[in-house]
Amino acid sequence: MSATLTLTVLGTASPHPRPDRPCSGYLVRGPGAEVWVDAGPGSFAELQRHTDPARLSAVWISHTHADHSADLLSAFYALAYGGLTPPAPLPVYAPADCAQRLAGFLGRAGTGFLSGVLDFRPLSDGHTARHGGLALTARAVVHDVEAYGLRAEAGGRVLAYSGDSGPCAALTALAERADLFLCEADIDAHREGERVHLTPEDAGEAARAAAVRHLLVTHVGPTLTPAAATARAAAVFGGPTATARVGATTVV
């Protein structure tokens, strides 16, 4: 486990996985901790390139849309039946209905059968969890379902992650003076009356307003290319900006 705060990108695609590009998933490492952040389709396979899932300290899910949570099914099968069983049930920080959604997909009315492998713990605005030297704080953001951004802190360094969010003051507060801001730039333009995702310009403005040190653009949807989204975000932010790439690890 890392003695520093690091981010490994497992997937960035929206709204479905593509060849060599899983949906949203990230591995956040801090002193004594490894946390899988978002479980988009394909990200569990990519996770295994970087760590043994049985060694995870926790899973953290921003919201229950399938492109951020569906690989919890793969993880459950791997941990329960695939020989990757952790020494104790794995904490899963997620919106309150996440366990029921997983159980429903498996055709079960209750969620108790999950608890021997996955220990679901509901998120709320301001919720904080600590694993080793890593602190994870959730902040409610604007989306079309219950959704949270993440502020991860270790050793005086800060990683902020937007999850899926429309423009909102909470997002700027979440990212305030972060060393690295991992931010979605899903859409080319807002549809009238809808503010559930960010344009590249929105991502750049949030980074600028929060005075972050570096911006990392992710979750770029099919109406944009990652290169174009990153360039547009950088033009507004005015600071160091890069594209999140699957397999890349960044020291925060």
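The values are calculated or read from the model by the stated rules, or taken from the named source; none is laboratory data. The model shown is predicted, which means the values in this text are computed figures rather than measured ones. Counting neighbours? That spans all protein chains shown, and the Cβs are built from the backbone with ideal geometry, glycine included. In case anyone asks, the SASA skips ligands and DNA or RNA and just uses the protein heavy atoms, side chains included. Shrake-Rupley method; radii C 1.70, N 1.55, O 1.52, S 1.80 Å.
Within the range 95-151, considering only strands (runs of 3 or more DSSP E) that don't extend past its boundaries, which have at least 2 residues that are of a type in the set (A, V, I, L, M)?
Here the list reads 134-140.
On the given criteria, is residue 79 over 28 Å from residue 217 (Cα atoms) and assigned to a loop (DSSP other than H, G, I, E, B)?
Answer is no for this residue.
Looking at 149, 104, 132, which is the one that is within 20 Å of the chain's Cα centre (by Cα) and more than 25 Å from residue 55 (Cβ to Cβ)? Walk me through how you get there before you give the answer.
Working: 104 fails: within 20 Å of the chain's Cα centre (by Cα); 132 fails: more than 25 Å from residue 55 (Cβ to Cβ).
Testing whether each residue is within 20 Å of the chain's Cα centre (by Cα) and more than 25 Å from residue 55 (Cβ to Cβ) leaves just 149.
Looking only at the range 158-189, which residues are touching a Leu at 6+ places or on another chain (Cβ under 9 Å), more than 13 Å from residue 5 (Cβ to Cβ) and open to solvent by 10 Å² or more (accessible area, probe 1.4 Å)?
Listed by number, the residues that qualify are 167, 186, 187, 188.
What residue, of 241, 218, 225, is of a type outside the set (A, V, I, L, M) and loosely packed, with under 14 Cβ neighbours inside 10 Å? Lay out the reasoning, then the answer.
On the way: 241 fails: loosely packed, with under 14 Cβ neighbours inside 10 Å; 218 fails: loosely packed, with under 14 Cβ neighbours inside 10 Å.
Matching residue, one of 241, 218, 225: 225.
Given the conditions (1) under 14 Å from the mean Cα position of the chain (by Cα); (2) open to solvent by less than 10 Å² (accessible area, probe 1.4 Å), and given that residue 5 satisfies all but one, which numbered condition is not satisfied?
(1)
Within the range 15-56, can you find the residues that are open to solvent by 10 Å² or more (accessible area, probe 1.4 Å) and of a type in the set (D, E, K, R)?
18, 20, 21, 29, 46, 49, 52, 55
Counting only residues that are touching a residue at least 40 places away in the same chain (Cβ under 8 Å), more than 17 Å from residue 185 (Cβ to Cβ) and in contact with a Ser or Thr (Cβ under 9 Å, 6 or more places away or on another chain), how many does the range 136-149 have?
Restricting attention to the range 136-149, the residues satisfying the condition of being touching a residue at least 40 places away in the same chain (Cβ under 8 Å) are 136, 138, 142-149.
Imposing the further condition that a residue be more than 17 Å from residue 185 (Cβ to Cβ) reduces the set to 136, 138, 144-146, 148.
This time we only want the ones that are in contact with a Ser or Thr (Cβ under 9 Å, 6 or more places away or on another chain), so: 136, 138, 145-146, 148.
Going through the range 136-149 one residue at a time, the tally reaches 5.
Look through the range 140-157, keep the residues that are touching a helix residue (DSSP H, G or I) at 6+ places or on another chain (Cβ under 7 Å) and within 18 Å of residue 59 (Cβ to Cβ), and return whichever of them is surrounded by the fewest Cβ atoms within 10 Å (Cβ to Cβ).
Residue satisfying both the conditions and the ranking: 151.
For the range 123-157, give me the residue count where each residue is in contact with a Leu (Cβ under 9 Å, 6 or more places away or on another chain) and within 24 Å of residue 65 (Cα to Cα).
Here the count works out to 16.
Just checking, does the range 57-69 include any residue being among the polar types (S, T, N, Q), buried (at least 24 other Cβ atoms within 10 Å of the Cβ), touching a residue at least 12 places away in the same chain (Cβ under 8 Å) and not in a helix (DSSP H, G or I)? Give the steps one after another, and end with the answer.
Initially, the range 57-69 is screened for residues among the polar types (S, T, N, Q), giving 57, 62, 64, 69.
Going one step further and asking which of them are buried (at least 24 other Cβ atoms within 10 Å of the Cβ), we end up with 62, 69.
The next check asks that each one be touching a residue at least 12 places away in the same chain (Cβ under 8 Å); those that pass are 62, 69.
Those left that are additionally not in a helix (DSSP H, G or I): 62.
Checked the range 57-69: at least one residue is among the polar types (S, T, N, Q), buried (at least 24 other Cβ atoms within 10 Å of the Cβ), touching a residue at least 12 places away in the same chain (Cβ under 8 Å) and not in a helix (DSSP H, G or I).
Determine the pairs where a residue that is closer than 19 Å to residue 68 by Cα, located within the range 220-249, has a partner that is assigned to a helix (DSSP H, G or I) and among the β-branched types (Val, Ile, Thr) with Cβ atoms under 8 Å apart, the partner being 6 or more residues away or on another chain.
Taking only residues 6 or more apart or on different chains, the pairs are 243/230.
Would you tally the residues in the range 11-42 being part of a strand (DSSP E or B) and in contact with a Pro (Cβ under 6 Å, 6 or more places away or on another chain)? Please lay out each step first, then the result.
First pass over the range 11-42, keeping only residues part of a strand (DSSP E or B): 11, 13, 18, 21, 23, 25-30, 33-39.
Those left that are additionally in contact with a Pro (Cβ under 6 Å, 6 or more places away or on another chain): 11, 23.
Count: 2.
Can you name every residue in the range 80-108 that is touching a helix residue (DSSP H, G or I) at 6+ places or on another chain (Cβ under 6 Å) and not aliphatic (A, V, I, L, M)?
Those that are touching a helix residue (DSSP H, G or I) at 6+ places or on another chain (Cβ under 6 Å) and not aliphatic (A, V, I, L, M): 85, 86.
Sort through 110, 126, 83 and tell me the only one that's of a type in the set (Gly, Ala, Ser), at pLDDT below 95 and on the phi > 0 side of the Ramachandran plot.
None of the other options fit; the residue is 83.
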